[in-house]
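Worksheet: the structure to be examined is printed underneath.
Since every read-out is calculated from the coordinates, none of them should be taken as a lab result. Note that the structure is predicted; figures quoted are calculated from it, not measured. Heads up, the Cβs are rebuilt from the backbone with ideal geometry, glycines too, and the neighbour counts pull from every protein chain shown.
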Amino acid sequence: MLAVLLAVCTALAAPAVAQPVSPDADDWNPPAELVQPLNEVWQHVESTYPDLYGFRNYGWDQVVANGGHLNYCVRWDSSAPVTAQLRDRIESALQRQFGRWMDVMLDEGEGTNGWPYREVPVNVTGWAVRDRSTLQWSDDSVDVYAGVLDGEGAPQCAPDCGRFFHQDGNYSRCPGGEARHYDMSLWLTAGFQGGAGGDWGQRVGSEYVVGALDQDDIHIVLHEMGHSFGLDDFYDWTPTGVGGFLMQAGTATRITDFDAWMFRDFWRHMKSRYGY
C-alpha cells in the first residue's frame with residue numbers, strides 16, 4: 001500500500017460547519033468521458049467523509065489563508081548527514097512537486113473555476129533533526145529545530161510555529177513569528193516504505209526522496225500531496241471507465257488527466273467558502 005489518507009477530513013475539530021453549495025457550472029467543462037467518473041468520485045467523497053465541508057485545513061485552506069503561498073518544515077527523521085547542497089536540492093524538488101499540482105489549476109492560462117493565483121511559491125522555513133550535527137551547514141537560511149521530538153520520538157519543527165496546531169493563525173509564540181510558520185511538513189523517515197499524507201503534510205522514505213531528487217515527478221510525494229488537498233485513495237474501487245491514475249496507488253507515476261480533473265473538482269466544490 002503506497003499511501004493512507006490519515007484522517008484528512010476529520011483530524012481536528014472544526015468551526016461551525018459550512019453547508020455544501022452547488023458549484024457554478026459556467027466554468028466547468030471536463031471531457032465528456034470523465035463526467036460520470038468525476039460525479040462518482042465526488043459522491044463517494046461526500047458519503048465517506050461526514051465532516052467534508054466543515055474541515056478547515058485542506059491545502060486549499062492553507063494556500064488561501066497565506067494569500068497564495070505555502071510554508072514547509074522538513075522533518076529529517078534520519079541520522080544521515082545533510083549538506084547545504086542536499087538541503088537546497090530537497091527544497092527545489094519539493095517546490096517542483098508542489099508546482100505540478102498548482103499547474104493543474106492554470107492549464108488554461110487564466111485559472112480554473114475562479115482559482116485566484118497564477119503561481120503559488122513554496123518556502124522551506126525550518127528543518128527538524130534529533131542532533132544539530134546532522135546538518136552540515138552554519139548559515140541561517142532556515143530555522144533549525146534540534147531535539148524537538150513528537151510522541152513517537154521523531155524530530156519535528158516547533159509546534160508553536162505549525163498551522164496544524166494553530167489553525168486560528170495565531171503564531172505569536174513562534175520564535176520567528178508568522179513569517180516563519182509552517183503549513184505542512186515534509187517528513188523524511190529512514191527506511192520508511194511507501195507514504196502517508198494528510199493536512200499535516202507528507203511522509204515518505206528519506207532514501208527514496210534523496211534518490212529521486214532529479215526526477216521531474218517524484219510520484220509518491222505527488223500522491224501524498226493529493227491527499228493533503230483532500231483527494232482520496234482508490235484501493236477498493238475504480239470509477240467507471242478510468243484506470244491508471246496517480247491517486248490509484250501503483251498505477252501511475254505522474255498526475256494524469258483524471259487526477260487533474262479530480263483536483264479541479266475538489267476546488268470547484270470548496271471555493272465558495274473562500275468567496276470565489
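Any chance you could give the angle, 0 to 90 degrees and rounded to 10, that helix 257-270 forms with the longest Cα principal axis of the chain? That helix lies at roughly 90 degrees to the long axis. Take the Cα of Thr48, step 7 Å toward its Cβ, do the same at Thr240, and the gap between the two points is 1.9 nm. Axis of helix 84-104 versus longest Cα principal axis of the chain: the two differ by about 10°, to the nearest ten degrees. With θ taken as phi - 60° and the Karplus curve 6.51 cos²θ - 1.76 cosθ + 1.60 applied, the whole-hertz 3J(HN,Hα) list for the stretch 171-188 is 10, 5, 9, 6, x, x, x, 4, 4, 9, 5, 10, 8, 9, 10, 9, 9, 9 Hz, x standing for glycine and proline.
A compact globular protein would have a Cα radius of gyration near 2.2 N^0.38 Å; the ratio found for the chain is 0.99. The long axis of helix 219-228 is offset from the longest Cα principal axis of the chain by roughly 70 degrees.
Put simply, the Cα atoms of the stretch 112-196 extend 45, 35, 27 Å along their principal axes, the longest span coming first. By the helix-only formula, in which each DSSP H run with n ≥ 4 contributes -39500 (n - 2.57) and the sum is divided by residues, the chain has a 222 nm mean residue ellipticity of -8500 deg cm²/dmol. log10 I(q)/I(0), Debye, Cα-only the stretch 28-135, no solvent, q = 0.10, 0.15, 0.20, 0.24 Å⁻¹? Summing over Cα pairs of the stretch 28-135 leads to -0.46, -0.87, -1.14, -1.30.
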